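First up is the structure itself, then whatever we jot down about it.
Throughout, read-outs are computed from the coordinates displayed, never taken from laboratory work. These numbers were taken from a predicted model, which means no experiment stands behind them. Glycine gets a Cβ as well: all are built from the backbone with ideal geometry, and neighbour counts include every protein chain shown.
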Amino acid sequence: MKDKGITVTKEKDMPEWYSQVALKSKLADYSRVKGTMVIRPYGFAVWQKIQDEFNKLIAKNNVENAYFPLFIPESFFKKEAEHAKGFSPEVAWIEKKTKDKERIAIRPTSETIMYDSYSRWIRSWRDLPLKINQWCNVVRWEVSDVKLFLRSREFLWQEGHCVYETEKECETETLHYLNLYKKISKDLLAVPALVGKKTEKEKFAGAKTTYGIETFTEEGKALQLATSHNLGQSFAKGFNIKFKGRDDKTHLPWQNSWGFSTRLIGALIMTHSDNKGLVLPPTIAPNQIVIIPILKKDSQNEVLKKARQLKSKLKKYRVLLDDNTSYSSGWKFNEYELRGVPLRLEIGPKDIKKKQVVIARRDNGKKESIKESQLLKTIDKTLNNIQVELFRKASKFLEASIINVETWNDFKKVSKDKKLIKASFCGRPSCEEEIKFKTSGITSRLELLNEKKPKGKCINCDKLANQKVIFGKTY
């Protein structure tokens, strides 16, 4: 039993704790192939729930799902120079070349392969807007050491790619998808997120503007959850995407791309889980409730019958009944705590006589006896409260982790305290590189949206500041 549970604490060794939670809760496993991981059925059920909910949201905006090839010709990367340069270190190449002696890459992202098709599909303003999303795997070859869900050579994600007539429509929708990401993070994962714009240095290769949402972990690191990019017209130029406008003249369209990955599951683990194991918010949990019958020889059949009746009564929820007689109730309690099931229902012979059920919350461990007549009402209220409390607790931590600084000495001090730093910044990539060097890895995370422009100088140099930026270490 000791080896079964989590053997290190979150407070003393978070990397090992995190790995054990992901492994022992059966979300994921390590693969024999260097740099890769296995998503187990329990973890994939979480990912599937995210997919299902996000598909509903983008369908309301007339986005359609499609699929494009895994393989990308080298010549496609060269059509947008900044994009090619930015992704060069990450691309995995196939040794065997095509008949025309061109190298083929395994996609690190799909802009190039998708936009080649877009150049043939778009002819008129009537073909716009074109809104396509795909769920797929991508490969970033520079990664060798796996941190389950957070970093691996191959990972799953969604990537949306849209084309518009006007810059205004493109920018509006780029921010719209960013807000959908914030909604998914809050409503589904109970993970609070900072929303903002990336600096010039940190923006996506080839983009005009990059926006993102990020959270902060108890390990003292920022965690990027999703990004949305206004690509401007550079990819349209590179891939010869043109359309005849309403004025009968030829125009270049505006484009965006936006995506999140299975890293969301890593954020979920980091944010809510504890030293007993995984903690899942009810909205994302594959099983919201587990029913555990307290079995004794002289009342086993009666209790099992009652447990099955309870499961039927609770069919509106995602309910698991563990009626396996090979394991003790205590073993099952520990097992489902480790796996993060939000609510446990216990029913034994004494409970049947009293017409009650014992419920136990995973988030805070509280137990109480509930009359059967009040069960549905209580469960509704309790699951909602768990969701709200998980988000409230995480939001409080995030807010307390942001420290506003006015001087470079304070910046250096806070950089050692595992906090996020809010400071005035000039926006220059060279200045940001200097900050990273002087602080052993602190980088800009976001310029918060709707933040007032600062007065005075940059936190690091004598140039005038034009941004208020969140800085911190990242994964």
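Give me the number: length gained by fully extending Asn450 to Ala92, i.e. 0.36 nm times residue separation minus the C-alpha to C-alpha distance, one decimal in nm.
125.0 nm
Hey, can you grab everything whose amide H is under 5 Å from the amide H of Ile347? Only 5+ residues off in sequence or another chain; H modelled, so Pro and N-termini drop out.
Ile292, Ile294
With Rg and the Kirkwood Rh both taken from Cα atoms, where does Rg over Rh land for the chain?
A ratio of 1.03.
Find the relative contact order for the chain and round it to a whole percent, using C-alpha pairs within less than 8 Å whose residues are 6+ positions apart.
Working: 943 pairs, mean separation 67.0, N = 475.
Relative contact order, the chain: 14 percent.
In cubic angstrom, how much convex hull volume per residue do the alpha carbon atoms of segment 328-475 span? Provide the component values of the computation, followed by the final result.
On the way: hull volume 21.1 nm³, N = 148.
It is 142 Å³ per residue.
Which loop chymotrypsin sites (Phe, Trp or Tyr not before Pro) in segment 41-149, with loop taken from DSSP, have no more than 12 other Cβ atoms within 10 angstrom of their Cβ?
Tyr67
For segment 200-298, what number results from the quotient of the Cα radius of gyration and 2.2 N^0.38 Å?
In units of the 2.2 N^0.38 Å rule of thumb, it is 1.84.
Where does the charge balance sit around Asn179 when Lys and Arg score +1, Asp and Glu -1, over other residues with C-beta under 14 Å from its C-beta?
Values: positive: Lys60, Lys182, Lys183, Lys186, Lys197; negative: Glu171, Glu173, Asp187.
Counting the neighbours of Asn179, the net charge comes to +2.
Evaluate the distance, in nm, between pseudo-label points positioned 7 Å from the Cα of Lys244 and of Gln309 along their respective Cα→Cβ axes.
7.3
Can you figure out the FRET efficiency of Thr474 with Lys316, using R₀ = 45 Å and their beta-carbon distance, to the nearest 0.05?
Efficiency computed from Cβ-Cβ geometry: 0.65.
If each of Lys412 and Thr325 carries a label point 7 Å out from its Cα toward its Cβ, how far apart are those two points in nm?
Between Lys412 and Thr325, the label points sit 7.1 nm apart.
Please state, to two decimals, what the Cα-based radius of gyration of segment 403-472 comes to when divided by 2.2 N^0.38 Å (N = residues).
This ratio for segment 403-472 stands at 0.97.
May I ask you to derive the relative contact order of segment 289-382, considering only C-alpha pairs under 8 Å and at least 6 residues apart, and to give it as an integer percent?
30
Assuming 0.36 nm per residue, please report the length gained on full extension of the stretch Asn384 to Trp141 beyond their Cα-Cα distance.
Gain on extension, Asn384 to Trp141, equals 83.3 nm.
If R₀ is 41 angstrom, what is the calculated FRET efficiency for the pair Trp125 and Lys396, using the beta carbon separation as r and rounding to 0.05?
0.25
Quick one: 3J(HN,Hα) in Hz for segment 459-475, Karplus 6.51/-1.76/1.60 with θ = phi - 60°, rounded, Gly and Pro as x.
4, 10, 9, 8, 6, 5, 7, 10, 9, 9, 10, 8, 10, x, 7, 9, 7
Taking one equal scatterer on every alpha-carbon of segment 108-148, how large is log10 of I(q)/I(0) by Debye at q = 0.16, 0.24, 0.30, 0.35 1/Å?
Rounded to two decimals, the profile gives -0.58, -0.92, -1.13, -1.24.
Over segment 133-268, what is the relative contact order in percent, taking alpha-carbon pairs closer than 8 angstrom and at least six residues apart?
Details: 259 pairs, mean separation 38.6, N = 136.
Across segment 133-268, relative contact order equals 28 percent.
Express in whole angstrom the spacing between the alpha-carbon centres of segment 84-136 and segment 188-231.
23
Distance cut-off 28 Å, Cα to Cα: go down the list Lys183/Lys457; Lys208/Lys455; Lys367/Lys396; Lys315/Lys371; Lys208/Lys468; Lys60/Lys366 and report the pairs above it.
The pairs that break the limit, which is 28 Å between Cα atoms, are Lys183/Lys457; Lys60/Lys366.
Select from segment 422-472 those trypsin sites (Lys or Arg not before Pro) which occupy a DSSP coil region and have at most 10 other Cβ atoms within 10 Å, ordered by residue number.
Passing both the DSSP loop test and the Cβ count: Lys452, Lys455.
Given a Förster distance of 60 Å, report the FRET efficiency between Glu200 and Glu368 from their Cβ-Cβ distance, rounded to the nearest 0.05.
0.65
Most exposed first by the Cβ proxy, i.e. fewest other Cβ within 10 Å, how do Glu167, Glu447 rank?
Glu167, Glu447
Restricting to the chain, what percent of DSSP beta bridges are antiparallel, rounded to 5?
Antiparallel bridges make up about 80 percent of those DSSP assigns within the chain.
State the Cα centre-to-centre distance between segment 246-316 and segment 341-398 in whole Å.
Distance between centres, Cα-based: 16 Å.
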